[in-house]
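Let me begin by presenting the structure, written as structure tokens, before commenting on it.
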Amino acid sequence: MQVSTRQLIEEKREGRSLSGEAVQLLVDRIVDGTMTDLELGALLMALQIRGADLEETVAWTRVMRDSGRILVFDGLDRPLVDKHSTGGVGDKVTLVLAPLAASLGLAVPTMTGRGLGHTGGTIDKLLAMPGLRVDLSEAEILKGLRHEGFAFFEAGPEFAPADRRIYAARDRTATVPCLPMIVASILSKKLCSGAQALVLDVKVGRGAFMQSKEEAHELGDALVEVSSGLGCPARYRLGGMDEPLGRAVGSSLEFLEALACLQGGGPQDLRRHVIELAADMLDLGGLSEGRKKDRARAALALDKKEALALFRSGLIRQGARPEAVQEPIEALPRAPIVQKLLLEDHDQGLVLDLDPMAVAMAAHDLGSPDDPAAGVECLAKPGEVRKKGEALFRLHGSTRRQIAAAMQRLSRAIQVDIV
Ligand code: URA
């Protein structure tokens, strides 16, 4: 007789590790609907309180990954390396990094998602470009990988369907912060993309899931161990999230900032972070020529616009109009109201602090991410000096009400001191 769901919940409640077979039974019942919401809630709470060891976490990840479609790209002559970010404010890294890594000889099967919580997802940012499609068939992804070295596609419902039900239940049962389930949720989806190695950008700080370095290292270590345990070597890097990354927050604005970076410009914090991640990807993909040289190769690919050329051609392959790709400022949605928030309190001031959560909430007040044109440009970041009358923010919205709400929030988001 098969062991009942109740018995397995009891095992976990008592703090015992669940075997691979037990996890398989549970996930089968989650996917076919024979496990009730009540049972799932109890199981998740037991996991939240008792945790899971490495072996069990590997089992959850493997079985959840195998609950749906898995992509396999044979016959490519380049190493397949993907990247995942745990999500931050103004995080447009993937838009730059995929074509950059591709220009350096890697193949990047960029399976990516919508926003979670206060962070906009890469898909939201990409879809700001009119005509662009992210619902690619396997053949279309393969063509992108062959021609440009990357393809952007959405992690649709056919990938890791077990995670859909589990994630929704975690959200309703106060069990989102369960580390083994965070790891299984992220990796079960990410390990379907066909990648042979994975670089993880673990965000840490006030604007991230993980608020302290300790928590972020714990997550990073667990992600690397589990991914490696499933045959996909991984590495993580912490990405600071005590202020927004770059200056733009909101889909169209972030798209333009990513383009600026691909043209050799853009904000320095974004450029530095992208170059480090590209060097990590080269290393994991076996194409490293030494850290210093890898950084220089990545910087050159940005400055010489090699990655930009691939980005443009990849966008056109995925349905964007060539004129739109050439003139994105004209093509991307623009907000009807654009207004600045000025420095008025001091003659001159040093920016001491910029709260990323408040900026994210202001972008949300303005309609982001549903409205791709909406968002905030942070025109003054910590460490910069601004004079009286100079702008601290540029707000993009569609109603006066939205602008007023975001203005109020942003005036409290920034701390400026007299120099
Ligand atoms: N991202 C996911 O996909 N799942 C989590 O649980 C957390 C972040």
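The values are calculated or read from the model by the stated rules, or taken from the named source; none is laboratory data. Given the structure is predicted, the values throughout are model-derived calculations rather than measurements. When we count neighbours, we look across all protein chains shown, and the Cβ atoms used for this are built from the backbone with ideal geometry, even at glycine. Surface accessibility is based on the protein's heavy atoms, side chains included, excluding ligands, DNA and RNA. Shrake-Rupley method; radii C 1.70, N 1.55, O 1.52, S 1.80 Å.
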Notebook entry, point to check: Of the residues MET129, MET181, which is modelled with pLDDT of 95 or more, within 13 Å of the ligand (Cβ to nearest atom) and open to solvent by less than 10 Å² (accessible area, probe 1.4 Å)?
Noted result: MET181
Check: Restricting attention to segment 7-28, does a residue exist that is touching a residue at least 60 places away in the same chain (Cβ under 8 Å) and surrounded by fewer than 24 Cβ atoms within 10 Å (Cβ to Cβ)?
Finding: no
Next item on the list: For segment 146-160, state whether one or more residues are modelled with pLDDT of 95 or more, surrounded by fewer than 24 Cβ atoms within 10 Å (Cβ to Cβ) and of a type in the set (A, V, I, L, M).
Entry: no
Notebook entry, point to check: How many residues, within segment 152-173, are out of contact with any helix residue (DSSP H, G or I) (no Cβ under 8 Å at 6 or more places or on another chain) and away from the ligand (no atom under 13 Å from the Cβ)?
Noted result: 2
Item checked: Matching option when the condition is of a type outside the set (Lys, Arg), in contact (Cβ under 8 Å) with a residue 60 or more places away in the chain and surrounded by fewer than 14 Cβ atoms within 10 Å (Cβ to Cβ), among ASP32, ASP37, ASP53, ASP74 -> ASP37
Check: Counting just the residues of segment 63-99 that are in a loop (DSSP other than H, G, I, E, B) and polar (S, T, N, Q), which one comes out nearest to the ligand (Cβ to nearest atom)?
Finding: THR86
Next item on the list: Restrict the check to segment 78-94 and report whether at least one residue is modelled with pLDDT under 95, more than 30 Å from MET241 (Cα to Cα), surrounded by fewer than 24 Cβ atoms within 10 Å (Cβ to Cβ) and more than 21 Å from the chain's Cα centre (by Cα).
Entry: no
Note to self: Need the failing condition index for SER228 against (1) at pLDDT below 95; (2) polar (S, T, N, Q); (3) away from the ligand (no atom under 16 Å from the Cβ), just the number.
What the structure shows: (1)
Next item on the list: Kindly list, by first and then second residue, each pair from a residue in segment 383-394 that is in a loop (DSSP other than H, G, I, E, B) to a residue that is surrounded by fewer than 12 Cβ atoms within 10 Å (Cβ to Cβ), limited to pairs with Cβ atoms under 6 Å and residues at least 6 apart or on different chains.
Entry: LYS388/ASP347
Checklist line | Near pairs, Cβ below 7 angstrom, 6+ apart or cross-chain, from segment 170-189 (in contact (Cβ under 8 Å) with a residue 12 or more places away in the chain) to any residue that is of a type in the set (Phe, Trp, Tyr) and surrounded by fewer than 20 Cβ atoms within 10 Å (Cβ to Cβ) | finding: SER185/TYR167
Note to self: Please go through segment 17-62 and give me each residue that is farther than 26 Å from SER193 by Cα, touching a Pro at 6+ places or on another chain (Cβ under 7 Å) and assigned to a helix (DSSP H, G or I), ordered by number.
What the structure shows: LEU47
Notebook entry, point to check: Has segment 112-121 got any residue that is among the hydrophobic types (A, V, I, L, M, F, W, C), in contact with a Leu (Cβ under 8 Å, 6 or more places away or on another chain) and either away from the ligand (no atom under 16 Å from the Cβ) or within 23 Å of LEU256 (Cα to Cα) (or both)?
Noted result: no
Next item on the list: Would you be able to say whether some residue in segment 349-366 is over 27 Å from GLY240 (Cβ atoms) and either in contact with a strand residue (DSSP E or B) (Cβ under 6 Å, 6 or more places away or on another chain) or modelled with pLDDT under 95 (or both)?
Entry: no
Next item on the list: Output the number of residues of segment 300-325 satisfying the condition of being farther than 29 Å from GLU276 by Cβ and among the basic types (Lys, Arg).
Entry: 1
Check: Which members of segment 248-269 meet the condition of being surrounded by fewer than 23 Cβ atoms within 10 Å (Cβ to Cβ) and either outside the structural domain of VAL204 (by TED's automatic domain parsing) or within 30 Å of GLU214 (Cβ to Cβ) (or both)?
Finding: PRO267, GLN268, ASP269
